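**Student:** One structure, as structure tokens, below. Some questions next.
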There are 2 protein chains.
Amino acid sequence: MLTLCVRNVLFRSFPSQSSSDAVQLTVRPCSSSRAQEEDLHQTRTLLRLCVDRYFLSPGEANMELFRRGMSCRYGPLGTELRRNLLEQWWHSVSRTTAQVFGINTLSSSSGDTATGAPRKLNIVENEHIKQILEEKEVSKDLLIQKIQVLLQRSPTGRTSCLQGALEQFVPSLELVNRKLPFGLAETGLCFQPSGGSGCPGEVTRASLVWFCSARASSQWLDHWTRQRLKWWRKFALSPSDFSSSDVPEEELEKAASRGVRIIYSFPWGEETLETLWNRGDAELLRTHGGDRSKLQCRDGRKSVPHVISVTANVDRGALAFLSNSLQTLKKEDSRQRLQQRKVLKLHPVLAPVKVALDIGRGASVELRQVCEGLLKEFMEAKISTWPGYLETSAGQLNTKYDEMGVLFTVVVNENTLESGLLQVRSRDTTVRETMHISEIKKFLSRYITAADNV
Amino acid sequence: MLTLCVRNVLFRSFPSQSSSDAVQLTVRPCSSSRAQEEDLHQTRTLLRLCVDRYFLSPGEANMELFRRGMSCRYGPLGTELRRNLLEQWWHSVSRTTAQVFGINTLSSSSGDTATGAPRKLNIVENEHIKQILEEKEVSKDLLIQKIQVLLQRSPTGRTSCLQGALEQFVPSLELVNRKLPFGLAETGLCFQPSGGSGCPGEVTRASLVWFCSARASSQWLDHWTRQRLKWWRKFALSPSDFSSSDVPEEELEKAASRGVRIIYSFPWGEETLETLWNRGDAELLRTHGGDRSKLQCRDGRKSVPHVISVTANVDRGALAFLSNSLQTLKKEDSRQRLQQRKVLKLHPVLAPVKVALDIGRGASVELRQVCEGLLKEFMEAKISTWPGYLETSAGQLNTKYDEMGVLFTVVVNENTLESGLLQVRSRDTTVRETMHISEIKKFLSRYITAADNV
């Protein structure tokens, strides 16, 4: 109930997409329930933080795309977060078992898809359609016919990576000596039809298509569900917000005998992050013209493999981790006023910025040189660094960095020039430690590696 | 001359794109010149190797896409090679200077592009155009008008990342305190109109848009040209095949005052890998409605920045490194027959597989367990590994791995079970060393890190 209600009223669509004006969300709660207001408030807080802290580009249309789990214009921090998420997915799926191979197919393809899915999006060249429209002496019927032929011949934007993997099944058989099971992994851009209103959208999908014997397919579906849920929870601050549930029978895809969804509980309701289907062999057969002999694999007896598809929405995944890691802590300041501290406790491997470099009191030219040296050192060690010392406005640095999810803040001051000591503040403990400049790189590298290996 | 000739005759287009048939290239040399034949032979050898060794999916249409520097269906090795290349580009451009920020915009956008480039590709929903075509009682003129409106409203596929970066200029000003210079980096899918024949294609671009003061723009163009050429050459076996040259005046883009191309000499002629333009401020102004006050930056005096664009074709880049690293060595075998040894000497950071694991003589069950343990260890250390021990056909393993560009081959045999020693063969030296099993992971990690830091 709540979900629907919030979805309908939270955003208005505006045509201007790149407006840099201050964020204004139009909120009209449809009931005065306290819990609903709290949820709305959380959603607004999250999206405003995403814009203020460079995860998202401003503009309501852009924020609405992101909230709906679609690709949008990301700022520098959102770009890095999604890169880190894609990298972790790729590593966990394609680099931990010998039987998964990464592939890359195309986002658009000519000809009809063999999965039997209807054509939804056509990519048409302006030049071609213009030629048809400008032809004189052509009857209306012939015009319609010509346009239909053009559309039929034009490439289709893919809505998932499934078809590409099914096509690559035969060329991949040599890799595995026709031995089951094995999988083909791909990440990339897919299109999402608008469903009647507005423009078609883009979404970044991470897809594993797993080929296995018919009799083991049900166990493999369970295996991959467990693996995937474990993966999502690995990076969560509050793992119980991630859950899995079977797709109800009436919502099953045509080819599928069973489906499982991995779900995240957003403040505005549950949304699907990833879907696993036990698809049988029908689509694979159709893709290869029903040629069983071409598809048969060794697995005790010769048989056509069954297909498990595992498809994640990486854009919505990024949103889920942002939502999951945002902590609001209340504390009293020195004048006993109630303050809210917002911290984005992103998992260390996902956090887009690992360390911020700032200047404290002291001779600024020399301190800046120290910062530049450290920046170079960190970057060479592939530790993503925020050059805070370049900004003139000091202000509430810790507030800002906490909201950016920066793991550590390093402050260089006059003391550093004398003794080589600098201050290191941790996002998660807020504790300030003193550390020697020669130790900081190793400390950061070890911290990130340790978090990666948990 | 040669280039044109080879391009025209080397490939025939076939409609079937995912055919797994053996590769057959149709070659009809247009002159009997020895050099030309040699070039044709090189091209055929390269592309056949790409298909045989899992860089490319089979099918002539697919190979032709790749040869033309476009995205295509990559096999597991091609996918990893391109990932490594993109990763290196991203690191070198966005993570070595504090002033470059990564962004992510959309591959398709609504509305007209402000760069003034004409709309080329429309993404049209089938449902929408069907509705128009099926309307009865509509005159031909009205029908044409309705289709034109639909096309005007439909999203356009981008042909470069420039427009997205120009739009993100204003939201990015806060990041840098309106201080020049700074840059916005993005990698992603772009579309390439077919130019009359066939289907529009896809290409993966890596783009840096650099904002700087007008008076420094010429120096910045030189700076980035040097940087980029250095980057390409860093991974080359034969660096002199990569060169740069100014774009002749008659080929300059409308907005640009100067352009530089980074070029690779393929066997079939020179092709552009990357283009740098000094674009002035006209497109930036047009994107933001001519509002100078919104665009002004601090840089001595207030001014609208000039734009340098740096755009690489990552698909063609992958092809260039494959072409550049393929070495054909002639040697006599034991029966004094002339043998050709083909080695793909890809740079260690680009090589898609760092190590292959194989079984020599000995008890196969135990040896397999050793291999599985090593595989797990390597994968955890993020060393990309080829599980050769899973294949039954031993055959000419070294030939195969050399053509895959595998850096090292590790052979586990009965000796390993007794003494812990294994054989390590180097692709580049062909020398076989004996090494203890406890040292191999560290050895490989060090080798790769050292190559990365050169």
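The values are calculated or read from the model by the stated rules, or taken from the named source; none is laboratory data. Note that this is a predicted model, so its numbers are computed, not measured. Please note: Cβ atoms are built from the backbone with ideal geometry, for glycine as well, and neighbour counts cover all protein chains shown. Surface areas here come from the heavy atoms of the whole protein model, side chains and all, with no ligands, DNA or RNA. Shrake-Rupley method; radii C 1.70, N 1.55, O 1.52, S 1.80 Å.
**Student:** Considering the alpha-carbon set of chain B alone, what are its Rg and its Dmax in angstrom?
**Tutor:** When restricted to the Cα atoms of chain B, Rg and Dmax are 25.9, 87 Å.
**Student:** How long are the semi-axes of the equivalent ellipsoid of the range B:205-332, defined as square roots of 5 times the Cα gyration tensor eigenvalues? Whole Å, largest first. Show your work: numbers first, answer last.
**Tutor:** Working: eigenvalues 257, 36, 27 Å².
For the range B:205-332, the semi-axes come out at 36, 13, 12 Å.
**Student:** Using a 1.4 angstrom probe on the protein heavy atoms only, line up B:Thr399, B:Thr272 by accessible area, largest first. Show your work: numbers first, answer last.
**Tutor:** Details: B:Thr399 60, B:Thr272 40 Å².
Result, largest first: B:Thr399, B:Thr272.
**Student:** Give the calculated FRET efficiency between B:Ile144 and B:Thr272 to the nearest 0.05, with a Förster radius of 35 Å applied to their Cβ-Cβ distance. Can you show the working numbers first?
**Tutor:** Working: r = 39 Å, r/R0 = 1.10.
After rounding, the FRET efficiency stands at 0.35.
**Student:** Another question about this same structure. Apply 1/(1 + (r/R0)^6) to the Cβ-Cβ distance of B:Arg292 and B:Glu250, taking R0 = 35 Å, and write down the FRET efficiency to the nearest 0.05.
**Tutor:** Values: r = 31 Å, r/R0 = 0.90.
Calculated value: 0.65.
**Student:** Let me ask something additional. How many nanometers, to one decimal and shortest first, lie between the label point of B:Met435 and those of its other copies, if labels sit 7 Å from Cα toward Cβ?
**Tutor:** From this label point to the equivalent ones elsewhere in the assembly: 3.1 nm.
**Student:** Put the label 7 Å from Cα along Cα→Cβ for A:Asn126; what are its distances to the other copies, in nanometres, shortest first?
**Tutor:** Here the equivalent label points are 2.6 nm apart from this one.
**Student:** Which value results when the Cα radius of gyration for the range A:353-452 is divided by 2.2 N^0.38 Å?
**Tutor:** Details: Rg = 12.5 Å, N = 100, 2.2 N^0.38 = 12.7 Å.
Rounded to two decimals, the normalised Rg is 0.99.
**Student:** While we're looking at this one, here's another question. Taking only Cα atoms, what is the 0 to 90° angle, nearest 10, from helix B:440-453's long axis to the longest principal axis of chain B?
**Tutor:** Roughly 40 degrees between the two axes.
**Student:** If you don't mind, another one. Kirkwood Rh, Cα Rg: Rg to Rh for the range B:75-207? Write down the numbers at each step before the final one.
**Tutor:** Details: Rg = 19.5 Å, Rh = 17.7 Å.
Answer for the range B:75-207: 1.10.
**Student:** Same structure again: Distances in nm, one decimal, shortest first, from B:Lys179 to the same residue in every other copy, taking the label point 7 angstrom along Cα→Cβ.
**Tutor:** Those separations, rounded to one decimal, come out as 5.9 nm.
**Student:** Place a point 7 Å from the Cα of B:Arg446 along the Cα-to-Cβ direction; which residues of the range B:395-429 have their backbone N under 20 Å from it?
**Tutor:** The answer is B:407-411, B:420-429, whose backbone nitrogens lie closer than 20 Å to the label point.
**Student:** Over all distinct Cα pairs, what is the inverse of the mean 1/r for the protein assembly as shown, reported as the Kirkwood hydrodynamic radius in Å? It would help to have the intermediate numbers written out before the result.
**Tutor:** Values: mean 1/r = 0.0338 Å⁻¹.
Computed over Cα pairs of the protein assembly as shown, the Kirkwood hydrodynamic radius comes out at 29.6 Å.
**Student:** Cut-off under 16 Å on the C-alpha distance; same-chain residues fewer than 8 positions from B:Lys345 excluded. Which lysines are left, in chain and number order?
**Tutor:** Straight-distance partners of B:Lys345: B:Lys234, B:Lys330, B:Lys354, B:Lys400.
**Student:** I've got another one for you. Given contacts defined as C-alpha pairs under 8 Å and at least six residues apart, what's the relative contact order of chain A, whole-number percent? Show your work: numbers first, answer last.
**Tutor:** On the way: 781 pairs, mean separation 59.3, N = 454.
Normalised by residue count, the contact order of chain A is 13 percent.
**Student:** May I ask for the angle, rounded to the nearest 10°, between helix A:217-234 and the longest principal axis of chain A, with both axes built from Cα atoms and the value confined to 0 to 90°?
**Tutor:** 20 degrees
**Student:** In square angstrom, rounded to the nearest 10, how much accessible surface does A:Lys354 have for a 1.4 Å probe?
**Tutor:** 20 Å²
**Student:** Now, a different point. Under the rule of -39500 (n - 2.57) per DSSP H run of 4 or more residues, summed and divided by the residues of chain A, what mean residue ellipticity at 222 nm is obtained, to the nearest 500 deg cm²/dmol? Could you put the intermediate results ahead of the total?
**Tutor:** Numbers: 16 runs with 172 residues, N = 454.
Value at 222 nm, helices only, nearest 500: -11500 deg cm²/dmol.
**Student:** Mind checking how much accessible area A and B bury in total, 1.4 Å probe, in Å² rounded to 100?
**Tutor:** Working: alone 23720 and 23690 Å², together 40040 Å².
In total, chains A and B hide about 7400 Å² from solvent.
**Student:** I've got another one for you. List the residue from chain B whose beta-carbon is nearest to the axis that rotates chain B onto chain A, together with that distance in whole Å.
**Tutor:** B:Lys140, 2
**Student:** Reachable aspartates and glutamates from B:Lys342, Cα under 20 Å, same-chain residues fewer than 8 places away excluded?
**Tutor:** B:Glu37, B:Glu38, B:Asp39, B:Asp52, B:Asp241, B:Glu332, B:Asp333, B:Asp402, B:Glu403, B:Asp428
**Student:** Another one. Helix B:76-94 against the longest principal axis of chain B: what's the angle in degrees, Cα atoms only, rounded to the nearest 10?
**Tutor:** Orientation of helix B:76-94: about 50 degrees from the principal axis.
**Student:** Greater than 19 Å separation of Cα atoms is the criterion. Which listed pairs, A:Lys179/B:Lys441; B:Lys382/B:Lys441; B:Lys382/B:Lys442, meet it? If you can, show how the numbers build up before the last one.
**Tutor:** Numbers: A:Lys179/B:Lys441 28 Å; B:Lys382/B:Lys441 10 Å; B:Lys382/B:Lys442 12 Å.
In this structure, A:Lys179/B:Lys441 lie more than 19 Å apart at Cα.
**Student:** Can I ask one more? Give me the 1.4 Å probe accessible area per residue for the protein assembly as shown, excluding ligands and nucleic acids, in Å². Mind showing how you got there, number by number?
**Tutor:** Values: 40040 Å² over 908 residues.
Heavy-atom accessible area per residue stands at 44 Å².
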